[in-house]
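To keep things clear, I will list the structure first and then write my remarks on it.
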Amino acid sequence: EIAAIVQRSEQPTAAPFLNTTLESKTQLAQRYPGVPIFSSCEELIADAEVLAKVDGVIICTAHACHADMGKKFLTAGKHILMEKPMTVDVAEARALAAAAAAAAPERQFFVNNTANF
């Protein structure tokens, strides 16, 4: 199953330098019939039935969201694969690392550190 998190608006908008062809929740529902679609991580976490089917999440959002989303999903008991950078400052990184350490070994936390040249 696929659980998608998209912008809150019915028809997402973006700055000119971003992808302006984002699909609306309605379009995603048509493309993936029967698949739950959420507008936020809070919505996903609040849906106990769907959350129980989710082993882990991939966090590839705006960098400023990484720490908050990471802590929320660790608290919800999910494995995490996070794109780099882990956070936008050292204090957030330390707090997130502490949350990940507290969740281990039951939950795994990975930061993708792939270098593309």
Please give every one of the aspartates and glutamates within straight-line cross-link reach of Lys72, meaning a C-alpha to C-alpha distance under 12 Å, and leave out same-chain neighbours fewer than 8 residues apart.
-> Glu42, Glu43
Cross-link reach from Lys71 to lysines, straight Cα distance under 23 Å and at least 8 residues apart if same chain, gives Lys53, Lys84
What are the ³J(HN,Hα) values, in whole Hz, obtained from phi via the Karplus relation 6.51 cos²θ - 1.76 cosθ + 1.60 with θ = phi - 60°, for each residue of region 82-97 in sequence order, with x given for Gly and Pro?
-> 10, 5, 7, x, 4, 8, 9, 8, 5, 4, 5, 4, 5, 5, 5, 4
When averaged across all projection directions, what area in nm² does the alpha-carbon convex hull of region 36-96 cover?
-> 4.0 nm²
Can you work out ³J(HN,Hα) from phi for every residue in region 70-79, in order, using Karplus 6.51 cos²θ - 1.76 cosθ + 1.60 and θ = phi - 60°, giving whole Hz and x for Gly and Pro?
-> x, 5, 4, 6, 5, 4, 7, x, 10, 6
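Values quoted throughout were computed directly from the atomic coordinates according to the rules given, and no laboratory measurement underlies them. The structure displayed is predicted, hence computed values, not measured ones.
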